[in-house]
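The values are calculated or read from the model by the stated rules, or taken from the named source; none is laboratory data. Note that this is a predicted model, so its numbers are computed, not measured. With ideal geometry, Cβ positions are generated from the backbone for all residues, glycine too; neighbour counts draw on all protein chains shown.
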Amino acid sequence: MRIDHDDCGASRPDIVVIQDRTSPPVFRSPFSPAHPREQHAGGRLTIDLAALAANWRKLNEIAVHAQCAAAIKGDGYGIGLERVGDALWKAGCGTFFVALPDEGMRLREVLPGATIYVLNGLFRGAEADMREAKLIPVLGSPEEIEDWGRYARSLDRELPAALHIDTGMNRLGLTYEQAEAVSGLEMVEGIAPKLILSHLACADTPDHPLNARQLERFEQARDLFPEVPASLANSAGILNDPAYHFDLVRPGIALYGGAARTDTANPMAPVVTLEARVLQVRDVPAGDSVGYGAVESVGRPSRVAIVSVGYADGLLRAAGSRDGKPGAFGWIAGHKLSYVGRVSMDLIALDVTDVPERIMHRGAWVELMGSHVGVDDLARAAGTIGYEFLTDLSRRYARRYVGLDLA
Ligand SMILES: *Cc1c(COP(=O)(O)O)cnc(C)c1O
């Protein structure tokens, strides 16, 4: 098998030729050996790879005229970079975006034939490793372009790159003037551009005026590189309007079941279920407080389940009750369970007064995130976004991957 990324940027619309779709199955067990066994863990994650694949197919259909890639930075949004890459590859995805060279090298181990872009660009000193792992840097500054070009010339060959154009995010990317200068040099010698991309700052709010402004600026920048495929849309951009699709789309959060837009119902299937172990169920007299700081007292004689997860598991402390505001809720067998008091490092408390004892007892498992407690519901209770909850998913949880044939 030979992979040559110098050839992998065929012209629009098929952008990338996938050389090798015959890699052997990598994962033979639904349980992750990198994480504790369920009987030793306070929480367990069930990750539905079939739902992940279905979400990718749905986005691929929505962006019917574009190629659908996948953003799997942040350890595959907390779900497991290698597992996510393997599952999406099997679903038909051939192009991946990671943030870091290290993530790209890990992904390369399991996907020898994939096209892998590194969004955070070129790190000084990483050039040889990037090339060896056939990672394509997304170059976002003149210095990075200079370094990658110099490295390519030192090898006396062309190396592939994507160009990041800033259209209003003011984070990474070339200004229009810098892009113009680069295009005027017929690209910097030694660099073969495979993609130009930009990133939307407000796609989750479709009415925000910055969206239209970024679209217009991106179209102008694209005119500088008429031969190079273009990519603008993240998840929200895909769901907003086909005008954002261009040649390749880069969904992240929607693949993992999170809400991309704030204004409509979430059409994606949940991928992650987090359940936590009940350690004990105790009676709390009316008027007594629960947990650190005595910030919340129960108003009636109550039963409280003490559950073995906490902020050291990424269950953010902000998800507990604070300043008189209610916290998040858990779920078991049709019962919604309010958090009582603060989230501790390794424990939370849930009000289970109304749940029968045959359901709620030591050793029961309560859902803290999943199809009954959406990742975005949980995030909203903590004043944050689903992305943060997913990428904080703990290494202390047991993990089980289901939904793909693992044989
Ligand atoms: C993270 C990221 C994406 C994916 O964004 P989502 O909002 O998760 O869909 C796409 N493009 C870039 C440049 C990113 O950094």
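Go through (1) closer than 22 Å to D223 by Cα; (2) crowded, with 17+ Cβ neighbours inside 10 Å; (3) within 16 Å of the ligand (Cβ to nearest atom) and name the single condition I145 misses.
For I145, the failing item is (3).
Condition check ((1) closer than 22 Å to I165 by Cα; (2) modelled with pLDDT of 95 or more; (3) part of a loop (DSSP other than H, G, I, E, B); (4) not assigned by TED's automatic domain parsing to the domain that holds I348) across all residues:
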site	(1), (2), (3), (4)
A233	yes, yes, yes, yes
I238	yes, yes, no, yes
R261	no, no, yes, yes
N266	no, no, yes, yes
A276	no, yes, no, no
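Condition first: assigned to a strand (DSSP E or B), among the hydrophobic types (A, V, I, L, M, F, W, C) and surrounded by fewer than 22 Cβ atoms within 10 Å (Cβ to Cβ). Can you find one or more residues in segment 179-187 that meet it?
Looking for residues that are assigned to a strand (DSSP E or B), among the hydrophobic types (A, V, I, L, M, F, W, C) and surrounded by fewer than 22 Cβ atoms within 10 Å (Cβ to Cβ), one finds none in segment 179-187, hence no.
Which of the helices (runs of 4 or more DSSP H) found entirely inside segment 40-92 contain at least 1 residues meeting this: more than 16 Å from the ligand (Cβ to nearest atom)?
Hits in segment 40-92: 49-62, 81-91.
Would you pick out the residues in segment 211-231 that are more than 17 Å from P242 (Cα to Cα) and touching a residue at least 40 places away in the same chain (Cβ under 8 Å)?
Correct list: Q220, A221, L224, F225, E227, V228.
In this structure, does G184 turn out to be at pLDDT below 95, assigned by TED's automatic domain parsing to the domain that holds S231 and in contact with a Lys or Arg (Cβ under 6 Å, 6 or more places away or on another chain)?
When the stated conditions are applied, G184 does not pass them.
Which of the residues that make up segment 273-302 are out of contact with any Lys or Arg (no Cβ under 7 Å at 6 or more places or on another chain), crowded, with 17+ Cβ neighbours inside 10 Å and of a type in the set (D, E, K, R)?
If the condition is that a residue be out of contact with any Lys or Arg (no Cβ under 7 Å at 6 or more places or on another chain), crowded, with 17+ Cβ neighbours inside 10 Å and of a type in the set (D, E, K, R), then R277, E296 are the ones that fit.
With part of a helix (DSSP H, G or I), buried (at least 18 other Cβ atoms within 10 Å of the Cβ) and within 16 Å of the ligand (Cβ to nearest atom) as the only criterion, which of A254, A203 stands out?
A254
Does N211 satisfy the criteria of being under 24 Å from I385 (Cα atoms), within 13 Å of the ligand (Cβ to nearest atom) and surrounded by 14 or more Cβ atoms within 10 Å (Cβ to Cβ)?
no
Could you check segment 330-407 for strands (runs of 3 or more DSSP E) lying wholly inside it with 2 or more residues that are buried (at least 20 other Cβ atoms within 10 Å of the Cβ)?
Of the strands (runs of 3 or more DSSP E) lying wholly inside segment 330-407, those with at least 2 residues that are buried (at least 20 other Cβ atoms within 10 Å of the Cβ) span 348-351, 365-369, 398-402.
Does segment 161-189 hold any residues that are more than 27 Å from K134 (Cα to Cα) and within 14 Å of the ligand (Cβ to nearest atom), and which are they?
Answer for segment 161-189, where residues must be more than 27 Å from K134 (Cα to Cα) and within 14 Å of the ligand (Cβ to nearest atom): T167, G168, M169, N170.
With the condition kept exactly as written, say whether any residue in segment 311-324 is in contact (Cβ under 8 Å) with a residue 60 or more places away in the chain and polar (S, T, N, Q).
no
Only residues in segment 99-118 that are under 18 Å from H164 (Cα atoms) count as the first member; pair them with residues that are modelled with pLDDT under 95, Cβ under 7 angstrom, at least 6 apart or cross-chain, and list the lot.
T115/C8; T115/V16
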